[in-house]
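Throughout, read-outs are computed from the coordinates displayed, never taken from laboratory work. Computed from a predicted structure; not experimentally measured. Neighbour counts run over all protein chains shown; Cβ positions are idealised from the backbone, glycine included.
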Amino acid sequence: MDAKLDPDDARALVEPHWRRLYNFVYRVTLDPTRAERYLIDVFVAAAAQIAAAPGAPAAREVWLLGVANQLLEQRLPRQPEVNFDILDETLRSEATRTDVVRSLSDPQRDLLLWELKQGCMTSVVNCLPPGERAAFVVCHVLKLADHAAAQCLGITESAYKVRLSRARKKVGDYLAPRCEHVNPMNPCRCPARVGTALAKGFIKPIGPSRRRGLAAQAGPIRPLRHRARPRRCADARHRRDLRQPARARRHARSGRAHHRSARRLTPGARHDVRPRSGRPPRGPCTTYYFLGRHASR
């Protein structure tokens, strides 16, 4: 780069767009170190041709994505560096481990689950060829329209749709019989894979610095407040009435009793008064309210 770029122009070029550009480059490369290095090269290449940059922010973002895609096409291999078999061997070759998730606190568990979901999906996308991978990322991650996505990839809109349909089919064919987020009955569940992912180095453990960050996000610990006890009514018969299901109370107030359960739960009957000890009273008929239905003995 022969000519120097004005600091204000450089700031206007980098600051509004570097987050989405890094997101695109990282999703395509699956390497944060390489993504940072490539992102610097993208802005250097963009600064060299700053005269061709459009003025509108949306158009400039599409132009920068096109510069990044050209650089990635030159540096990435034609075939994916990982495949679905390697991903299965990394995450699903061992038995499930739920002890790791149970031993973590809520912020730590949520962070590790989020990283596992993001890393798994990024790894699945990286099993695609680079062209299909870039089409999938600009559509489902960056949420670009078809015309803008095709423009930043440097292809026609029909070719972009073909790449996107192929990428969707491959990702769907892989996740449909495995992932719980596609079908809740599938065997692969994120909480059961956290231990394996930590053991294989797929996600990083939470160190002291990350624990301090989580504690700062969670805020100060507040004392628990005791729940107020329910108000006791002076009328014992009214207390018995509140223990009964709503349908039986409604029938009792209206004087109707269409079935045996309504007659059995009439206020004032001896057998449906629960003693304070919690044990069912003696008698020919006992109703257990904690079952949610009328079970008689």
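In terms of distances greater than 23 angstrom between alpha carbons, the cross-link table entries 117/169; 143/169; 170/200; 4/143; 143/170 yield 170/200; 4/143.
For region 104-118 and region 1-45, write down the distance between their C-alpha centroids in whole Å. What the calculation gives is 29 Å, centre to centre. With a ≥ b ≥ c the root eigenvalues of the C-alpha gyration tensor of region 53-116, is it rounded (a/c under 1.5), prolate (a/b larger than b/c) or oblate? Since a/c reaches 1.5 but b/c is at least a/b, the shape of region 53-116 is classed as oblate.
The simple spin-label model puts a point 7 Å past each Cα toward its Cβ; for residue 82 and residue 180 those points are separated by 2.1 nm. Annotation: region 7-101 has a Kirkwood hydrodynamic radius of 15.5 angstrom, from the mean reciprocal C-alpha pair distance. Label reach from residue 157 (point 7 Å along Cα→C-beta): in region 41-70, no amide nitrogen lies under 14 Å. Residues 185, 121 in ascending order of nearby Cβ atoms (within 10 Å, fewest first): 185, 121.
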